[in-house]
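Everything on this sheet refers to the single structure shown next.
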Amino acid sequence: MSHSFFTTYKEAALSGRYLTLSHITPLLEALQRKAKVQVAGHSVEGEPISVCVVGHGPVRVLLWSQMHGNESTTTKAVFDILNWLTSDEASAVEARSHYTFCFVPLLNPDGGRRYTRENANGVDLNRDMQTCTQPESTLLRKIYDEFTPDWCFNLHDQRTIFGAGDSGKPATVSFLAPAFDEARSVNECRLKAMAIINKMTDALQAVIPGQIGRFDDGFNLNCAGDTFQHLGTPTILVEAGHFPGDYEREKTRKCIFLALLTSIQTIHEIDIVEGVLEKYVDIPQNKTVFFDFVYKNVAINYDNSEIIATFAAQFTERLIEDKVVFEAFIVKIDNLEGYHGHIEFDAQGALLTTPGGQPLQVGQKADFRIGDLDFVNGSIG
């Protein structure tokens, strides 16, 4: 995929991390001219939850995004894909002949507005797929039962803490073919999901080499992916992660677009060949090995003596006046062997001082001085 292909279909109205129903409603209205768009249900607070059905082919694919309200990267990519899929471009016309797609672009509009993982009742919808106590999870199960998909795509964001195995690189995109039982067995259904993940991984290696991870496959039937895999539908979890310097996740968005495009071009002709499992397992498993900032070889006054230490800071995301603000706090001091920072600073023994002269401690805002350099919100001011 060329850069120009992505930019042709990138939805210019969507950007950044804060994405709500008000942002996508005009886009859904415009899509009504090219696709079947309808309100399928409502959230706890009565917000409409829409589905968008595209194509007339025999292979049925269900995709849902923003099940967690603060995970918006894949929603941006969904509208990029929809722009392509509803176009007159030859590959889109062909895709519509092979598939019928059902997109749920924003499953959790209340959480989206609040920028929270949970819905308005404080429930994680991705832990509610067996009891279905919430209207949003009940609706997703209803859509699944009525649409009867051949494939499912569960679209999420993951935190900046994840690295791709021991590569020292961030897991910019991670995939998972969810388990369908406690033993994490592998059957034909799960192998199909693995085969598509392998195709997507191959495509992404050309764009983000070494930055693709494999999500943990611990079984939890309360999760949507595990539930639908358990019911016999090949299901693929897609996790949009961190690309260096891309906290707005616009570069990651392009990667998700490429991954989804690759899957669409291959699912209808997928063949389970020898070595699918082995190739899938070769994708490095996600590891919690990153902080947003790591400061090395810093001289710190501790108990009236000076020691050389390493410490880390991490961003907390806060919604302030409809904008996601990143605030850095100290989260770990020393014992950082094996960890990486998306931004690293080597103090080379320079002395750290804090506002008011207080000792450095976990929970402090990342505002301090190292030598002659002032750091504000984690970065050199």
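The figures follow:
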| item | result |
| --- | --- |
| Cα convex hull of segment 139-243 - mean projected area over all directions, nm² | 6.9 nm² |
| Largest-first principal axis extents of the Cα set of segment 64-127 (Å) | 44, 18, 12 |
| Paramagnetic reach from THR353 (point 7 Å along Cα→Cβ, amide N under 19 Å) across segment 290-307 | 298-307 |
| Hydrodynamic radius by Kirkwood, which averages 1/r over all alpha carbon pairs of segment 135-180, in angstrom | 13.5 Å |
| Two-site label geometry, PHE326 and ASN187: point separation in nm, points 7 Å out along Cα→Cβ | 4.3 nm |
| For MET194, MET67, order by how many other beta-carbon atoms lie within 10 Å, fewest first | MET194, MET67 |
| Binned Cα-Cα distance frequencies in segment 279-349 - 5 Å width, integer % | 4, 14, 19, 17, 14, 12, 9, 7, 3, 1, 0 |
| Approximate spin-label separation ASP374-LYS36, in nm, with each point projected 7 Å along Cα-to-Cβ | 6.1 nm |
| Neighbour-count ranking [beta-carbon atoms within 10 angstrom, fewest first] of ASP367, ASP292 | ASP367, ASP292 |
| Kirkwood-based shape ratio for segment 10-161, expressed as Rg/Rh from alpha carbons | 0.95 |
| Relative contact order (%) - the chain, alpha-carbon pairs under 8 angstrom, separation at least six | 15 percent |
| Pairwise FRET efficiency - SER22 versus THR133, Cβ, R0 = 25 Å, nearest 0.05 | 0.40 |
| Per-residue Cβ neighbour rank within 10 angstrom, fewest leading, LYS142, LYS365, LYS192 | LYS142, LYS365, LYS192 |
| Above-threshold pairs, the threshold being 28 Å between Cα atoms, out of LYS142/LYS279; LYS36/LYS254; LYS10/LYS365; LYS34/LYS76; LYS10/LYS169; LYS10/LYS296 | LYS142/LYS279; LYS10/LYS365; LYS10/LYS296 |
| Paramagnetic reach from LEU231 in segment 146-179 [backbone N under 14 Å; point 7 Å along Cα→Cβ] | 146-154 |
| Computed FRET value (nearest 0.05) for GLU344 with LYS142, which takes r as the C-beta separation and R₀ as 45 Å | 0.40 |
| Cα centroid separation, segment 1-59 to segment 318-344 (Å) | 32 Å |
| Rounded to 10°, Cα long-axis angle of helix 21-31 versus longest principal axis of the chain | 30 degrees |
| Reduced Cα scattering model of the chain, Debye log10 I(q)/I(0), q = 0.09, 0.11, 0.12 Å⁻¹ | -0.55, -0.79, -0.92 |
| HIS56 versus SER97: modelled label distance in nm, points set 7 Å from Cα along the beta carbon direction | 1.2 nm |
| Inverse of mean 1/r across different Cα pairs in segment 242-381, Kirkwood, Å | 18.1 Å |
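Throughout, read-outs are computed from the coordinates displayed, never taken from laboratory work. Since we're looking at a predicted model, the values are computed, not measured. Every residue, glycine as well, gets a Cβ built from its backbone with ideal geometry; the counts of neighbours run over all protein chains shown.
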